[in-house]
Amino acid sequence: MAPRPSIPFSSCTYSIIPPDPHSHTVFTRPVARSLQTTQPLVPPATTLPPVDLSHASSSGSSKSPASLPPLIPASSTSLPTNPNSAVDLIKSQSTPSTGRYITARLHSRTYLLHPRDILTLPTLKPLQAPGTTLDLTRILEVGSREYSIRSPAAEGRELRKSMPWGLDGTIEALPDWVVRCKLTILEHTKSPLEKIVKTKRRKGYRKTIQHKQGWTRLRVGDIHLGEGEVQGQAQA
């Protein structure tokens with residue numbers, strides 16, 4: 001039997017393999033087809049209004065790009081020049097329980113926190129009873145919808161690039177008279193039991209390690225701005 005000729009794949013037609021002279025079967029290869037028609041397209045139901053090209057060209061030539069209005073209107077509020085005015089701007093857009101956020105450093109990680117959030121961390125040591133309140137001492141950023149106050153340590157990647165090799169730099173956090181927030185311990189819990197099996201080839205060694213990771217759940221309190229400014233100045 002002579003081999004059948006191969007026909008390249010076509011996306012717009014049907015490819016038909018010629019029949020074998022010794023066979024009475026015709027093989028067809030259906031492939032995907034695009035829309036093909038000789039009928040005229042249906043006209044649109046509505047017509048667009050005519051465009052006066054002469055007026056558009058004359059108006060476009062009379063105005064220069066410099067005279068066109070800006071895409072984004074300039075803000076009427078100027079940026080603050082001192083921390084006190086920046087705190088007032090954030091206070092005008094939010095309250096201690098709503099509309100504010102902070103980024104804090106805990107367990108070598110940076111967390112974005114809002115009031116009444118529940119934060120789960122590895123067990124804090126020393127172990128303290130539920131209901132105990134803790135002060136956040138490493139707050140890197142505080143802000144509202146449009147304004148924020150950031151410390152240099154908020155850009156962690158850029159900070160590490162500027163630090164010399166082998167130097168343990170201290171994280172510069174926002175002072176207490178700018179922002180204050182407390183965490184409340186809810187409970188101490190553990191994860192489900194995890195079993196890890198370790199073996200060695202051809203040694204008959206087999207060891208099972210059981211482990212439960214401990215966790216501490218914390219509730220984020222209200223975010224207060226500028227509460228300790230007068231006290232800090234008095235102590236200084």
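If I filter segment 175-198 down to residues being surrounded by 10 or more Cβ atoms within 10 Å (Cβ to Cβ) and of a type in the set (Val, Ile, Thr), which single residue comes out as farthest from Ile118 (Cα to Cα)?
Looking at the filtered set, the residue picked out is Val178.
What strands (runs of 3 or more DSSP E), lying completely within segment 51-146, carry at least 1 residues that are at pLDDT 75 or above and either more than 22 Å from the chain's Cα centre (by Cα) or among the hydroxyl-bearing types (Ser, Thr, Tyr) (or both)?
Ranges flagged: 101-106, 109-113, 118-122, 133-135.
The values are calculated or read from the model by the stated rules, or taken from the named source; none is laboratory data. Just so it is clear, the structure is predicted and the values come from calculations on it, not from any experiment. Glycine also receives a Cβ, built like all others from the backbone with ideal geometry; neighbour counts cover every protein chain displayed.
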